[in-house]
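Participant: Let me give you the structure first, and then I'll get to my questions.
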Amino acid sequence: MSFKVILKRILPILVLLVMGCHEPAQKEVILFDFETDSELDRLHWKCHSLLNLSDENVTHGKGSLKMELYPAAYPGLLPELENESWMDYEYLGFDIYNPEAKDMKITVRIDDREDAPDYADRYNHSIILEPGLNRIKIQLNDLITSGTKRKLDLRSIHSLAIFMVNPSERTTLYVDYMRLQG
């Protein structure tokens, strides 16, 4: 047999073997990447929170969300979710850039019920943001309510909020690349 004939027979097998050695690509859905004004339309606007698209501190794509949070009870970000089922994913990820030279504390709230459940029956978790870029990953299997310790129903996620509790002064943060990955 000629070399060309052997190569023609073996090449498809080699290709399959090489492809089988690579891990399959992770599933990902981008919730918000803050690239266009239409994404701003999917944010719930609240007093004491000024939200603008920015080309600063971008970690994915061309834009980020600049959040200017003013002294108030709970200023922050409350995006409108399009994907209620988070069942097929392992974690919620997002990037937050803290331009200050000091640590900041934010809270992440996730509700699996539409009726705005009490503190004890929703996920609440505080995160300390160091100066500079903070890559946040929250394991979805770890989502339990704050008081009742019930696992959240990942088939029915109704709201997500990222906010500060009673900041004493105006605070600026940049958010980018909000995603579900699995």
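The values are calculated or read from the model by the stated rules, or taken from the named source; none is laboratory data. The shown structure was predicted, so the numbers you read here are calculated from the model rather than taken from an experiment. FYI the Cβ positions are ideal-geometry reconstructions off the backbone, even for glycines, and counts take in every protein chain you see.
Participant: What is the one condition in (1) of a type in the set (G, A, S); (2) surrounded by 15 or more Cβ atoms within 10 Å (Cβ to Cβ); (3) within 17 Å of the chain's Cα centre (by Cα) that S156 does not satisfy?
Facilitator: (2)
Participant: Starting from the stretch 109-121, keep only residues that are surrounded by fewer than 11 Cβ atoms within 10 Å (Cβ to Cβ), then list their pairs with residues that are part of a loop (DSSP other than H, G, I, E, B) whose Cβ atoms are within a distance under 6 Å, requiring at least 6 positions of separation or different chains.
Facilitator: E114/H158; Y119/S146
Participant: Give the residue, chosen from R135, R150, that is among the basic types (K, R) and within 15 Å of the chain's Cα centre (by Cα).
Facilitator: After applying the criteria, what remains is R135.
Participant: Of all residues in the stretch 56-67, count the ones that are of a type in the set (D, E, K, R), under 24 Å from E169 (Cα atoms) and assigned to a loop (DSSP other than H, G, I, E, B).
Facilitator: 1
Participant: Looking only at strands (runs of 3 or more DSSP E) that lie completely in the stretch 69-182, which have at least 3 residues being under 27 Å from S38 (Cβ atoms) and at pLDDT 95 or above?
Facilitator: Passing ranges, in order: 91-98, 104-111, 132-139, 159-163, 171-181.
Participant: Take the residues of the stretch 162-177 that are buried (at least 18 other Cβ atoms within 10 Å of the Cβ) and either among the aliphatic types (A, V, I, L, M) or without any contact (Cβ under 8 Å) to a residue 60 or more places away in the chain (or both): which is farthest from T59 (Cα to Cα)?
Facilitator: Filtering first and then ranking leaves M164.
Participant: Right, another one. Of the residues that sit in the stretch 24-45 and are within 16 Å of M67 (Cβ to Cβ) and of a type in the set (A, V, I, L, M), which one is nearest to the chain's Cα centre (by Cα)?
Facilitator: Selected residue: L31.
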